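Here the structure is laid out as structure tokens; the discussion comes afterwards.
The values are calculated or read from the model by the stated rules, or taken from the named source; none is laboratory data. Remember, predicted model here, so these are calculated numbers, not experimental data. Cβ atoms come from the backbone with ideal geometry, glycine included; neighbour counts cover every protein chain shown.
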Amino acid sequence: MAAQEEKRKLTAEAFGKFLRWLSENDELAVREYQRIRAKLIRFFIHKGCIDADDLFDKTVDIVVGKIELCAEYPNPLAYCYGVARNVWHEDARERKSVTLDVDVPSPEHPDPKVHELELQCVERCLDQLSPGDRDIVSRYHGEQGRDKIERRKLLADVVGGMNALRIKMCRIRKELRICVVECTKRLLN
Amino acid sequence: MNRNLPDRSLIREYLLGRLDTKEEEVELQLSQDIVFNDEVAEMVESIEEEIIEDFLDGTLDSADKDAVDRYFLRPPERREKLRFARLLRQHFEERHDFVERRFDAVLPPGVHVMPATLEIRSAVPWWSHFRTYGQLAVLILLSVGGLIYISSIRKYQARLEDQLAREQQHSASLVQEAKLVPSSMVPLTLVSDRSRGGGQIPEIEIKPITQRIIVEIALQSHSTGPFDIHLETTGEKGPTWSAHLLPLISSSGDARLMFDLPVQDLASNVYSFVVLSPLPGAGRPKHYDFRVRLAK
């Protein structure tokens, strides 16, 4: 069984120091922090890491410890990315010695009531999409089997090719996912 | 613009964790591209979703499936993405099934004409109530007669009671079945445009529970599209809704447009879908009229 490490939390002091390093301007510093955070969290997810947030906090901790040395570093993202790679290597080494049982994702939310709310929210969020986007997502998911392949080819011709369609669908799904999560939270409260 | 974008299959290998140990230089370069190039990052996200789609379709080979189970689905964020993709599929499958059930129930094969309004309640045959009442009447008559011929009637009565019970059970199951059909959607099929019309225009009733209209327009042309569609009504200056759609083409070459329309901005009025092909030589736009009646 894996040893459960207590989840790290970035201290307020370290966070403040890190923000100051990013910019003297509060607004710019927060914006840059969010940009770096989003990119490095994606990096850890791409690397199959289980707790990307924790690894990001670890990365910032290390960077804060070295801020004196890298005060003049012109590209904070590049510096943080370099540290993040080391954090990932270390995590990968630790992971090798631990066997983890990956849960097969359940098709439905364990609570049927929440699942029902989620389906209602999908309906609502689809309504909030622009007519064009709603049409694309409906057609993309609208057919089965061979029809599905043909339909997607035709759809791809309209939006500018298969890769453009995939990227378009990715953006629409992202928008829908965020909307459904927020809508479900609202309905549960 | 996208000259330097990496190969999609390489990104797929990267996302399945196959470059981490074997091709470290390629992995290093790709990781950097993803972090510093937003266009590559977006492409990677779309391939991530493609892997999820393939996983759900069951089209991954065993090696890829194993990599997905052991590596790709380790982060909870990806498992959540997978769950959402399933949720979205479930939504569209239910809607697809609903449309199929409604159209299969009403239209004989090959016939494209459909009444303007389809009541959900119509799933229960209207005559089933008369049949039930008829059985009841017979039962009452026989009960009265039974006062005189009790001994000979008893068996007959028992049989009728059994028949009635089965009939009621059947009616109840039909009512139950009707309740299961989501009533938030109303189908509307339009086959004649204004130039061919002359008869009564189709009418649909929007109930308070109704959220969307599933529209099917049978096109006279066999064009593969695309088509611009606008919803217009009297008194409005511009279109109240518009879309750019491709038609569905049947194996016999018939073309039809299928889409859904939210009902929230509709009022009791006559509306018209204006269908126009932007292709050169496609001719004048066609108007498909229908009437909306808001139920109280």
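Could we say that A:CYS170 is assigned to a helix (DSSP H, G or I), more than 10 Å from chain B (Cβ to nearest Cβ) and of a type outside the set (Lys, Arg) here? Answer is no for this residue.
Among residues of the range B:254-280 that are closer than 30 Å to B:LYS296 by Cβ, those with a Cβ under 9 angstrom from a residue that is among the aliphatic types (A, V, I, L, M) and in a loop (DSSP other than H, G, I, E, B), sequence gap 6+ or separate chain, pair up as B:VAL270/B:ILE201. Scanning the range A:111-130 for residues that are at pLDDT below 90 and within 9 Å of chain B (Cβ to nearest Cβ) gives a single hit, A:HIS115. For the range B:63-77, filtered to residues that are in a helix (DSSP H, G or I) and charged (D, E, K, R), the residue that is farthest from the other protein chains (Cβ to nearest Cβ) is B:ASP64. Taking into account only those residues within the range A:39-82 that are more than 18 Å from B:GLU48 (Cβ to Cβ), small (Gly, Ala, Ser) and in a helix (DSSP H, G or I), which is nearest to the other protein chains (Cβ to nearest Cβ)? Among those that are more than 18 Å from B:GLU48 (Cβ to Cβ), small (Gly, Ala, Ser) and in a helix (DSSP H, G or I), it is A:ALA78. Among residues of the range A:173-189 being more than 9 Å from chain B (Cβ to nearest Cβ) and without any contact (Cβ under 8 Å) to a residue 24 or more places away in the chain, the one that is farthest from A:SER138 (Cα to Cα) is A:ASN189. Only one of the listed residues (B:GLU80, B:GLU48, B:GLU27) is touching an Asp or Glu at 6+ places or on another chain (Cβ under 7 Å) and either in a helix (DSSP H, G or I) or over 22 Å from A:ALA92 (Cβ atoms) (or both). That residue is B:GLU27. Restricting attention to the range B:285-296 and to residues that are basic (Lys, Arg) and within 30 Å of A:ARG124 (Cβ to Cβ), the residue that is surrounded by the fewest Cβ atoms within 10 Å (Cβ to Cβ) turns out to be B:LYS296. Listed conditions (1) surrounded by fewer than 19 Cβ atoms within 10 Å (Cβ to Cβ); (2) assigned to a helix (DSSP H, G or I); (3) β-branched (Val, Ile, Thr) are all met by B:ILE11, apart from (1). Within the range B:28-62, the only residue that satisfies the criterion of being without any contact (Cβ under 8 Å) to a residue 24 or more places away in the chain, more than 8 Å from chain A (Cβ to nearest Cβ) and buried (at least 17 other Cβ atoms within 10 Å of the Cβ) is B:LEU60. Confirm whether A:LYS168 is free of Cβ contacts under 8 Å to residues at least 12 places away in the same chain and either surrounded by 17 or more Cβ atoms within 10 Å (Cβ to Cβ) or more than 20 Å from B:ARG79 (Cβ to Cβ) (or both). When the stated conditions are applied, A:LYS168 does not pass them.
Of everything in the range B:212-269, what is of a type in the set (Ser, Thr, Tyr) and either buried (at least 19 other Cβ atoms within 10 Å of the Cβ) or more than 21 Å from B:VAL186 (Cα to Cα) (or both)? Give them in sequence order.
Matches in the range B:212-269: B:SER221, B:SER223, B:THR224, B:THR234, B:SER250, B:SER251, B:SER252.
Only one of the listed residues (B:SER173, B:SER223, B:SER184) is at pLDDT below 75 and closer than 21 Å to B:GLN264 by Cβ. That residue is B:SER184. Screening B:ALA282 on (1) under 24 Å from the mean Cα position of the chain (by Cα); (2) surrounded by 12 or more Cβ atoms within 10 Å (Cβ to Cβ) shows it passes everything except condition (1).
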